[in-house]
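> Can you read through this structure? Questions will come right after.
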Amino acid sequence: MKSPLLALPGAVPAEGADEGVAAHYGDIFREQRNLSQGTGFVDLSHRGVVTVTGADRLSWLHLLLTQHVSQLEPQHATEALVLSPNGHVEHALYLVDDGTTTWAHVEPGTQGALVAYLESMKFFYRVEVADATADYAVVHLPAGSTGSVDGAAAVRELPYGRDLFVPRAGLEGVTAGFGPAAGVWAYEALRIEGHRPRLGFETDHRTIPHEVDWLSTAVHLQKGCYRGQETVARVHNLGRPPRRLVFLHLDGTEETLPPHGTEVRLASDPDGRSLGFVTSSARHHELGPIALAIVKRNVPVDAVLLAGTVPGTQDVIVPQ
């Protein structure tokens, strides 16, 4: 779904998973600085939007998701996952309830499979599930922004900003007063800096929540009854996820960034076995080149790693 905001001056279209919105508007570092200072907005209208209505919506979602949502207060933002029977991450939902409707935005292109799964689990519950992507779009405002949210159908208040669900037909009008636009490259650089995992980037077909620090934001450890809960409890009690997410400060003398999937090895053994892979990378306006990577649990936390040919030091996100 191509965003009308690609018509803004300087817009360069994004590719891959973020196709349909702008990668940047001509100055990626200025766009990052603007967001860091609470100015501007990010067009995330390529993301999927799913709504759930009905009297049983929260108690029903509580049975299906990793998060405790049965008593979710209106306007309180949260995150949740849908797991496979074996505990692997299948969907990541970014939720808010407005008192009558639960709103969620999800990775582009995943809303169809999510809606199909939710529909299959309705049974006798009084709920209605809808793919609202054609009617609503997501816009992100950074922390400190003074932009008006009057045109939003729902708002997720977050430590790092606000996610607005706005009518897609009015996207240009709603964002007109938000200040300079920033592309998803700037948003991604700040996401990587904030150690926030993204489905399909920091995850693969065997990812469990413990490996990417979703236990701290998207999993409630005092609830059960959801698919995959046995794996979550077992690994949490043993304290040994097989892999862990790390933040990498990359060597700034290299001209290229290691792309998603680049193998990670020990710098002291560049021809040795692969220890993991790069999940996301970006050039940060202050930190320089940075990345997130998934590595084996027992990789020494003080080891210098090689992301392809680029050396990098680790910041621990998920402890050994």
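> Tell me which of these GLY54 doesn't satisfy, since it passes every other one: (1) in the same structural domain as ARG168 (by the TED database); (2) over 29 Å from PRO241 (Cβ atoms).
Result: GLY54 fails condition (1) only.
> Of the conditions (1) within 26 Å of GLU90 (Cβ to Cβ); (2) open to solvent by less than 30 Å² (accessible area, probe 1.4 Å); (3) part of a loop (DSSP other than H, G, I, E, B), PHE178 fails just one. Which one is it?
Looking at each condition in turn, PHE178 falls short on (1).
> Does the range 1-15 hold any residues that are small (Gly, Ala, Ser) and either without any contact (Cβ under 8 Å) to a residue 12 or more places away in the chain or open to solvent by 60 Å² or more (accessible area, probe 1.4 Å) (or both), and which are they? Spell out the reasoning first.
So the first thing to find is which residues in the range 1-15 are small (Gly, Ala, Ser), and the list is 3, 7, 10-11, 14.
ALA7, the sole residue that qualifies.
> Right, next: If I ask for residues that are among the small types (Gly, Ala, Ser) and in contact with a strand residue (DSSP E or B) (Cβ under 9 Å, 6 or more places away or on another chain), which ones from the range 208-227 would you list? Walk me through it before giving the result.
Keep residues of the range 208-227 that are among the small types (Gly, Ala, Ser), which gives 216, 218, 224.
Scanning the range 208-227 gives a single hit, ALA218.
> Name the residues in the range 114-162 that are polar (S, T, N, Q) and farther than 18 Å from ARG47 by Cα, would you? Give the derivation first.
Let us first name the residues in the range 114-162 that are polar (S, T, N, Q), namely 120, 133, 145-146, 148.
SER120, SER145, THR146, SER148, listed by residue number.
> Which numbered condition trips up HIS62, out of (1) closer than 21 Å to VAL12 by Cα; (2) not assigned by the TED database to the domain that holds LEU158?
Status for HIS62: all satisfied but (1).
> When only residues in the range 193-224 that are basic (Lys, Arg) and touching a residue at least 60 places away in the same chain (Cβ under 8 Å) count, which is farthest from PRO289 (Cα to Cα)?
LYS223
> Next question, about the same structure. When residues of the range 79-121 are filtered for being open to solvent by 40 Å² or more (accessible area, probe 1.4 Å) and either at negative phi or hydrophobic (A, V, I, L, M, F, W, C) (or both), how many remain?
Within the range 79-121, residues that are open to solvent by 40 Å² or more (accessible area, probe 1.4 Å) and either at negative phi or hydrophobic (A, V, I, L, M, F, W, C) (or both) number 12.
> Among the residues of the range 69-78, which ones are assigned to a loop (DSSP other than H, G, I, E, B) and either open to solvent by 70 Å² or more (accessible area, probe 1.4 Å) or among the hydroxyl-bearing types (Ser, Thr, Tyr) (or both)? Steps first, please.
Start the filter on the range 69-78 by keeping residues that are assigned to a loop (DSSP other than H, G, I, E, B), which leaves 69-77.
Listed by number, the residues that qualify are SER70, GLN71, GLU73, PRO74, GLN75, HIS76.
> Let me ask something else. Given the options HIS46, HIS24, HIS68, name the one that is closer than 15 Å to ALA186 by Cα and touching a helix residue (DSSP H, G or I) at 6+ places or on another chain (Cβ under 8 Å). Talk me through it step by step, then tell me what you get.
On the way: HIS46 fails: closer than 15 Å to ALA186 by Cα; HIS68 fails: closer than 15 Å to ALA186 by Cα.
Checking each option against the conditions leaves just HIS24.
> For the range 84-126, which residues satisfy the criterion of being of a type in the set (S, T, N, Q), within 24 Å of HIS210 (Cα to Cα) and within 19 Å of the chain's Cα centre (by Cα)?
Filtering the range 84-126 for residues of a type in the set (S, T, N, Q) gives 84, 86, 100-102, 110-111, 120.
Now drop any that are not within 24 Å of HIS210 (Cα to Cα), which leaves 84, 86, 110-111.
Once the filter is applied, which keeps residues that are of a type in the set (S, T, N, Q), within 24 Å of HIS210 (Cα to Cα) and within 19 Å of the chain's Cα centre (by Cα), the range 84-126 yields SER84, THR110, GLN111.
> Kindly provide the set of residues from the range 192-236 that are among the basic types (Lys, Arg), open to solvent by 20 Å² or more (accessible area, probe 1.4 Å) and in a loop (DSSP other than H, G, I, E, B), ordered by number.
In the first step, residues of the range 192-236 are kept if they are among the basic types (Lys, Arg); the result is 196, 198, 206, 223, 227, 234.
If we keep only those that are open to solvent by 20 Å² or more (accessible area, probe 1.4 Å) too, we end up with 196, 206, 227, 234.
Result: ARG196, ARG206, ARG227.
> Within the range 252-267, track down each residue that is farther than 15 Å from GLU211 by Cβ and either of a type in the set (A, V, I, L, M, F, W, C) or at pLDDT 95 or above (or both). Walk me through how you get there before you give the answer.
Within the range 252-267, the first condition is being farther than 15 Å from GLU211 by Cβ, and the residues that meet it are 252-263, 265-267.
Once the filter is applied, which keeps residues that are farther than 15 Å from GLU211 by Cβ and either of a type in the set (A, V, I, L, M, F, W, C) or at pLDDT 95 or above (or both), the range 252-267 yields LEU257, PRO258, PRO259, HIS260, GLY261, THR262, GLU263, ARG265, LEU266, ALA267.
> Sticking with this one: Being more than 19 Å from the chain's Cα centre (by Cα), at pLDDT below 95 and basic (Lys, Arg) is the requirement here; does ARG227 meet it? Before you say what the answer is, go through the steps one by one.
Numbers: more than 19 Å from the chain's Cα centre (by Cα): yes; at pLDDT below 95: no; basic (Lys, Arg): yes.
So ARG227 does not fit the description; no.
> Are any residues in the range 16-55 part of a loop (DSSP other than H, G, I, E, B), hydrophobic (A, V, I, L, M, F, W, C) and open to solvent by 50 Å² or more (accessible area, probe 1.4 Å), and if so, which ones?
Of the residues in the range 16-55, the ones part of a loop (DSSP other than H, G, I, E, B) are 19-21, 25-27, 37-40, 44-47, 54-55.
Now narrow it down to the ones that are hydrophobic (A, V, I, L, M, F, W, C): 21, 44, 55.
Correct list: ALA55 only.
The values are calculated or read from the model by the stated rules, or taken from the named source; none is laboratory data. Computed from a predicted model, the values in this text were never measured in an experiment. Cβ coordinates were reconstructed from backbone atoms using ideal geometry, including for glycine residues, and neighbour counts include every protein chain displayed. To get the accessible areas, we keep the full protein, side chains included, count just its heavy atoms, and leave off ligands, DNA and RNA. Shrake-Rupley method; radii C 1.70, N 1.55, O 1.52, S 1.80 Å.
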